[in-house]
Amino acid sequence: QMQVWACGIALSYLLFTIIPLTKVKTMRNALSEKNTLNNFLKEHAYRLSQISSRASNLTIHPLRNIMDMLYVGNTTIGTPPQEFQVVFDTGSSDLWVPSIFCNSPACSTQVRFRHLESSTFRPTQKTFSIAYGSGSMKGFLAYDTIRIGDLVSNDQLFGLSIAECGCEGEPFDGILGLNYPNISVFGGIPVFDNLKNQSAISEPVFAFYWSKNKWEGSVVMFGGVDKSYYDLDACFIALSLSISMKRKVIACSGSCEAVVDTGTSLILGPTRLVNNIQKLIGATPRGSKHYVSCFAINSLPSIIFTINGITYPVPARAYIRKDSRGHCCTTFKENRLRTLTETWILGDVFLRLYFSVFDQGNDRIGLAQAV
């Protein structure tokens, strides 16, 4: 389990190989302004290059923001490369994409890997199945060359789905897990660890920056942190959580466990505690969601997540969002994952506010306010 450290980290002080993931307009707005993103990136390229270090090469990869909640970027598999849109997920450890053998409705809208067209493809006889919070899938394992920008993982174990359930209409092809090997369903070496083992990256560190502005770049960075700029030991803290509002603890008075998950859109927590927060902010249930008046957003208080004495405010404009009908619903939801039902999962709603560094070499996570 990762621990958390928090520092005042400046992006210009990071020494990373940077894979920019550009957050753009939602699908419902993008068509009318489809040329704006390219113009913005050309005009503001210097902002991204400032994040780059003297030793790193900058490779730009557009990332689509889906319905203001989900971030997907590209990766390629095979020789010659076949491109897929994947979720970079810190909550899992495995990479999978659909195979040409998948006939599930979900696969009909996804890019499927054509294994016969890859000269570096190596099949296995092993199968797998994965159950996520909102769906499940099964398939078989294989090896091939994986590329994330300029980073190359050779002979990488990955999964090819043959059946997917609950993934219908999802705007991505697969998932690229970035967690530890010990939670790998495949039982192999994950992509990030392979990059480390093959010396593609200098240190076992990656970071995420989710822009709050739809037209600024969102990035995932792989590499190392320049330790000369701050004292890491001085800002080391453990990953335990309490939640307050208006200076009153409203959940986890005795401290709860929490994980930071880029593959989760919302903020998930134990049923009783989430329901209590919904009542305190005046949210009413309707179907599977809880709604508030859109006029109340400016008057609702921030909810404060305190991690070992350091506060991380989440304002109402972040924990309330509009649905497809223009109604305002909360981004808190019951955690129904069987193995983590008493754990809080801080997803993209939280991470859009805080720059996050995942230091696997030292088993810790760094958080700093996103600017």
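Kindly indicate whether GLY91 is touching a residue at least 24 places away in the same chain (Cβ under 8 Å), buried (at least 22 other Cβ atoms within 10 Å of the Cβ) and touching a Phe, Trp or Tyr at 6+ places or on another chain (Cβ under 7 Å).
The answer is no for GLY91.
Across segment 132-182, which residue is surrounded by the most Cβ atoms within 10 Å (Cβ to Cβ) among those that are among the β-branched types (Val, Ile, Thr) and under 18 Å from VAL205 (Cα atoms)?
Looking at residues that are among the β-branched types (Val, Ile, Thr) and under 18 Å from VAL205 (Cα atoms), I get ILE148.
Identify, please: which residue in segment 98-128 is farther than 25 Å from SER265 by Cα and in a helix (DSSP H, G or I) and is, among those, least open to solvent (accessible area, probe 1.4 Å)?
My answer is HIS115.
Sort out which residues of segment 297-312 are open to solvent by 60 Å² or more (accessible area, probe 1.4 Å) and among the polar types (S, T, N, Q), and write them in order of number.
Listed by number, the residues that qualify are ASN298, SER299, ASN308, THR311.
Since LEU300 meets every condition but one in (1) at pLDDT below 95; (2) under 22 Å from SER242 (Cβ atoms), which condition does it not meet?
(1)
Could you tell me whether segment 301-315 includes any residue that is in contact (Cβ under 8 Å) with a residue 60 or more places away in the chain, polar (S, T, N, Q) and under 29 Å from GLY91 (Cα atoms)?
Looking through segment 301-315, at least one residue is in contact (Cβ under 8 Å) with a residue 60 or more places away in the chain, polar (S, T, N, Q) and under 29 Å from GLY91 (Cα atoms).
How many of the residues making up segment 277-296 are surrounded by 14 or more Cβ atoms within 10 Å (Cβ to Cβ), more than 22 Å from LEU353 (Cα to Cα) and among the hydrophobic types (A, V, I, L, M, F, W, C)?
2
For ALA131, which of the numbered conditions (1) in a loop (DSSP other than H, G, I, E, B); (2) over 18 Å from ILE100 (Cα atoms) fails to hold?
Status for ALA131: all satisfied but (1).
For the subset of segment 189-202 comprising residues that are of a type outside the set (A, V, I, L, M, F, W, C) and within 18 Å of PHE88 (Cα to Cα), which member is surrounded by the most Cβ atoms within 10 Å (Cβ to Cβ)?
The selected residue is PRO190.
Taking into account only those residues within segment 329-350 that are over 16 Å from TYR312 (Cα atoms) and among the charged types (D, E, K, R), which is least open to solvent (accessible area, probe 1.4 Å)?
Among residues in segment 329-350 that are over 16 Å from TYR312 (Cα atoms) and among the charged types (D, E, K, R), the one least open to solvent (accessible area, probe 1.4 Å) is GLU334.
Quick check, is PHE206 over 21 Å from GLU83 (Cβ atoms) and in a strand (DSSP E or B)?
It is false that PHE206 is over 21 Å from GLU83 (Cβ atoms) and in a strand (DSSP E or B).
The values are calculated or read from the model by the stated rules, or taken from the named source; none is laboratory data. Every value quoted in this text rests on a predicted model; they were computed, and no experiment measured them. Cβ atoms come from the backbone with ideal geometry, glycine included; neighbour counts cover every protein chain shown. Quick note on the areas: whole protein, heavy atoms, side chains included, nothing else; ligands and nucleic acids left out. Shrake-Rupley method; radii C 1.70, N 1.55, O 1.52, S 1.80 Å.
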